[in-house]
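The values are calculated or read from the model by the stated rules, or taken from the named source; none is laboratory data. From a predicted model like this one, the values you see are computed outputs, not experimental measurements. A quick note on method: Cβ atoms are made from the backbone with ideal geometry, for glycine too, and the neighbour counts reach across all protein chains shown. Accessible surface areas use protein heavy atoms only, side chains included; no ligands, DNA or RNA. Shrake-Rupley method; radii C 1.70, N 1.55, O 1.52, S 1.80 Å.
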Amino acid sequence: MSKLESLYQEVLAELGEDTSREGLLDTPKRAAKAMQFLTSGYTTDIKEVINGAVFTSENDEMVVVQGIEFYSLCEHHLLPFFGKAHIAYIPDGHILGLSKFARLAEIYARRLQTQERLTEQIAQAVWETTTPQGVAVVIEASHLCMMMRGVQKQNSKTITSAMRGVFLDDQRTRDEFLGLIK
Ligand code: ZN
């Protein structure tokens, strides 16, 4: 049994469970495996993922990748938060392959996160890999730590945004993006 597995077994016992009952026999193993997968973003190399997918381009129009589904874990309660990420950028000589935006979101989501940091990290990664005129990321998410416990605000959504370059400097550009993802 791995360290993580035996720790999960301890947690179950501590919660008053009978860890020898049939349904729980393999639970420590499954939970350890699931948690390792859900935090696998720590060991994924962003550069390796992006590698070869940055192309030169004369396009200088806004590119919007809308509604990227993601699942993450809040670092305060280890409970899921999930929702959609919207990413826009205005290239400046370089574009990033479209499928890479979802990959970027996934890598940062598979860590213990806050929604604010997740938003910033995605924006920063696009900013650094494509050096665009600007980048904007908006994330809307539901947090199980809010929905399942405490105040139980079932329908509340948290919205965060991160902007760089022209999205910060030019309100028309920002409004165009926000209008597109409405
Ligand atoms: Zn939380």
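Within region 1-27, the set of residues being among the small types (Gly, Ala, Ser) and open to solvent by 60 Å² or more (accessible area, probe 1.4 Å) comprises GLY16, SER20.
Among the residues of region 28-44, those that are within 14 Å of VAL11 (Cα to Cα) and crowded, with 17+ Cβ neighbours inside 10 Å comprise PRO28, ALA31, ALA32. Checking each residue in region 114-155 for being more than 16 Å from the ligand (Cβ to nearest atom) and small (Gly, Ala, Ser) picks out ALA123, ALA125, GLY134, ALA136. With respect to (1) away from the ligand (no atom under 16 Å from the Cβ); (2) touching a strand residue (DSSP E or B) at 6+ places or on another chain (Cβ under 9 Å), the lone exception for ARG103 is condition (2). Of all residues in region 46-84, those being over 16 Å from ALA102 (Cβ atoms), free of Cβ contacts under 8 Å to residues at least 60 places away in the same chain and within 16 Å of the ligand (Cβ to nearest atom) number 3. Of all residues in region 93-117, those satisfying the criterion of being outside any loop (DSSP other than H, G, I, E, B) and open to solvent by less than 30 Å² (accessible area, probe 1.4 Å) are LEU96, PHE101, LEU104, ALA105, ILE107, TYR108, ALA109, GLN113, GLN115.
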